Amino acid sequence: MPFLSVRPLHTVALAACLLTATVSPAQDTHPAFAKLAALQTAPESAGTLVYRGDTFTQRTPAAAALYRYERRVLTTTTGLTASHITSDAAGRVLIVESALVSPHYATQRFEAVNQQSGFSGSVQISNGGRHLEYELNINGKRSTASEEVSDPVVCGPSLFGFILKHWDPLVAGTSLPVRMLVLQDKTTYGFDLTFDKTVNGQAAFTLRPSNFVIRMAIAPLRVVFDARTRTAVRYEGRVPPMENVAGKLKGLDARVEYVSVSPIYR
């Protein structure tokens, strides 16, 4: 569930905030937050449950999980819609991120509602994955932007599937450049996706920022799969929810441990 942002005054959106930016809690009156309430009541409306993930802070690894999120998918005529629904420790839905993806996990559209950070919006991807149109609403202030890219676009709900679709060339040593979608910044950031190693039946993949300056500030993102079943085991890196540190919400570097419900990742 990566969440990334590199603007100095914002919490990172991968995939997360750069270092220690602070964001004020959002007001419950944002119209888009009705979607969170609907999923609170009927999460099955987002589709079949694939896995659950418990999210722990890396600062204090032995502490209890701060958040739980689940992946749900709906089959569409062009692929599937994957939704990541994040709840706090009390079970209150705070964030939902959804992506429409092709059968090869090419991202076609991304939507997010984040009550914790006070924003919602969407990204429409066209022209064979090369053109992006952003629409963002931050606490009632609407803005738009567009972007042209040449490398594949990935986001939280599409990243793991993208890795699985490119498993063989990655394991063979290929490095794949990707663009990580950051709705809150209305842009993408370049990462290099590589295979790390297989240990005790678990295969690890790493994403490193391709820009040297960003690489100095953002730790690599790490995704671990069961090498036999190719189901998600663990993720390490920035995540969409934030951590309360001394009364302030800060970007969360997390460890997410997954429990698969479906025998096959989708």
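The values are calculated or read from the model by the stated rules, or taken from the named source; none is laboratory data. Everything numeric in this text was worked out from a predicted model, so none of it was measured. Counting neighbours? That spans all protein chains shown, and the Cβs are built from the backbone with ideal geometry, glycine included. Protein only, heavy atoms only, side chains kept; ligands, DNA and RNA dropped before computing areas. Shrake-Rupley method; radii C 1.70, N 1.55, O 1.52, S 1.80 Å.
Would you point out which residue out of F160, F195 is hydrophobic (A, V, I, L, M, F, W, C), assigned to a helix (DSSP H, G or I) and touching a strand residue (DSSP E or B) at 6+ places or on another chain (Cβ under 7 Å)? First the steps, then the outcome.
On the way: F195 fails: assigned to a helix (DSSP H, G or I).
So the residue among F160, F195 that is hydrophobic (A, V, I, L, M, F, W, C), assigned to a helix (DSSP H, G or I) and touching a strand residue (DSSP E or B) at 6+ places or on another chain (Cβ under 7 Å) is F160.
Across the stretch 1-56, the qualifying residues are those that are of a type in the set (S, T, N, Q), modelled with pLDDT of 90 or more and surrounded by fewer than 20 Cβ atoms within 10 Å (Cβ to Cβ), and the one among them that is nearest to V261 (Cα to Cα) is T48. Answer yes or no: is there a residue in the stretch 119-130 that is crowded, with 21+ Cβ neighbours inside 10 Å, out of contact with any Phe, Trp or Tyr (no Cβ under 9 Å at 6 or more places or on another chain) and hydroxyl-bearing (S, T, Y). Within the stretch 119-130 (the criterion being crowded, with 21+ Cβ neighbours inside 10 Å, out of contact with any Phe, Trp or Tyr (no Cβ under 9 Å at 6 or more places or on another chain) and hydroxyl-bearing (S, T, Y)), the answer is no, since none of the residues qualifies.
Which count do you get for residues in the stretch 57-80 that are open to solvent by 60 Å² or more (accessible area, probe 1.4 Å), small (G, A, S) and in contact with a strand residue (DSSP E or B) (Cβ under 6 Å, 6 or more places away or on another chain)?
Count: 0.
Which ones in the stretch 239-260 are of a type in the set (V, I, T), more than 13 Å from the chain's Cα centre (by Cα) and within 13 Å of T57 (Cβ to Cβ)? Walk me through how you get there before you give the answer.
Step one: filter the stretch 239-260 for residues of a type in the set (V, I, T), giving 239, 245, 256, 259.
Those still in the list that are more than 13 Å from the chain's Cα centre (by Cα) too: 245, 259.
V245 - this is the single residue of the stretch 239-260 that is of a type in the set (V, I, T), more than 13 Å from the chain's Cα centre (by Cα) and within 13 Å of T57 (Cβ to Cβ).
Among the residues of the stretch 254-266, those identified as in contact with a strand residue (DSSP E or B) (Cβ under 9 Å, 6 or more places away or on another chain) and surrounded by fewer than 20 Cβ atoms within 10 Å (Cβ to Cβ) are R255, E257, V259, S260, V261, S262, I264, R266. Taking first residues from the stretch 226-239 that are more than 18 Å from E70 (Cα to Cα) and open to solvent by less than 40 Å² (accessible area, probe 1.4 Å) and partners that are part of a loop (DSSP other than H, G, I, E, B) and at pLDDT 95 or above, the Cβ contacts under 7 Å between residues at least 6 apart in sequence or on separate chains come to A227/G201. The single condition from (1) open to solvent by 40 Å² or more (accessible area, probe 1.4 Å); (2) touching a His at 6+ places or on another chain (Cβ under 8 Å) that L100 fails is (2).
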